[in-house]
Amino acid sequence: MSKINIGISTEDRANIAAALSRVLADSYMLYLKTHNFHWNVTGPMFQTLHIMFMEQYTELWNALDNIAERIRALGHFAPGTYARFVELSSIKEEAGVPNAQEMIRQLVDGQEALIRTVREAFKIADDANDQPSAGMLSDRMEIHEKNAWMLRSFLENGGQGA
């Protein structure tokens, strides 16, 4: 591969790619958890949650490619195995099938964990003057903050909505 000269140092590109790899891992793990819960949710709020979970996992799925391609544009390989995602992610998988209220709680926690990971990556990208990565990450934070708020609304009044 030819030398990359985009105005971002080799070291900064490596640091940004590493941070984006953590964002990719958290995004993938949250995608998988949300899809799992979409398949397995039950209870009186089934239809509402089934649809909301589908909207959220679809959005996450579509974001994965953009995150991975940004890592590649910076000259690094994107992680792409489940084992590597587990190593990099701050979001843990759910082995069982919790009730709807617990699903929502776990997804709120996952959205918030991802926001924190994205915020850390944003600072690294912004400090390196990497506007494309920073812009993408800013957009991701906005999406996940909205998702967390929507999910959190189901937990109001002691979770009676779910």
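The values are calculated or read from the model by the stated rules, or taken from the named source; none is laboratory data. Just so it is clear, the structure is predicted and the values come from calculations on it, not from any experiment. Every residue, glycine as well, gets a Cβ built from its backbone with ideal geometry; the counts of neighbours run over all protein chains shown. All accessible areas refer to the heavy atoms of the entire protein, side chains included, with ligands and DNA or RNA removed. Shrake-Rupley method; radii C 1.70, N 1.55, O 1.52, S 1.80 Å.
Before moving on, here are some points about what is shown:
- When only the Cβ of Lys, Arg, Asp and Glu is charged (+1, +1, -1, -1), the dipole of segment 68-162 relative to its Cα centre reaches about 100 debye.
- Given charges at beta-carbon only (K, R positive; D, E negative), |dipole| of segment 1-62 in Debye: 140
- For the chain, with all protein chains in place and a probe radius of 1.4 Å, 52% of the accessible heavy-atom surface sits on carbon or sulfur.
- Fluctuation leader among Ser27, Ser138, Ser89 - the chain, Gaussian network, Cα springs under 10 angstrom: Ser138
- Modelled FRET efficiency - R0 41 Å, Leu155 with Ile6, Cβ distances, 0.05 increments: 0.40
- Using C-alpha pairs under 8 Å with a sequence gap of at least 6, the mean separation divided by the residue count of the chain gives a relative contact order of 30 percent.
- Zone of Arg116's modelled label, taken as backbone nitrogen in segment 58-73 under 16 Å from a point 7 Å along Cα→Cβ: none
- The calculated FRET efficiency for Arg84 paired with Leu64, based on their beta-carbon distance and R0 = 22 Å, is about 0.95.
- Within the chain: Cβ-based charge dipole about Cα centre, in debye rounded to nearest 20 (Lys, Arg +1; Asp, Glu -1): 220
- Segment 1-92: relative contact order as a whole-number percent, Cα under 8 Å and 6+ apart: 44
- Local net charge near Lys123, Cβ-Cβ under 12 Å (Lys/Arg +1, Asp/Glu -1): -2
- Filtered chymotrypsin sites (Phe, Trp or Tyr not before Pro), segment 75-121: DSSP coil and at most 14 other beta carbons within 10 Å: Phe77
- Using alpha-carbon coordinates, inclination of helix 131-153 to the longest axis of the chain, degrees: 10
- Among Leu137, Ile4, Ser21 the positive-end extreme of the charge dipole of the chain (Cβ point charges): Ile4
- Estimated D of the chain in µm² per second, where Rh is the Kirkwood radius over Cα pairs and Stokes-Einstein applies at 25 °C, 0.890 mPa s: 150
- Full-extension gain in nm, Phe77 to Asn36, via 0.36 nm per residue minus C-alpha separation: 12.0 nm
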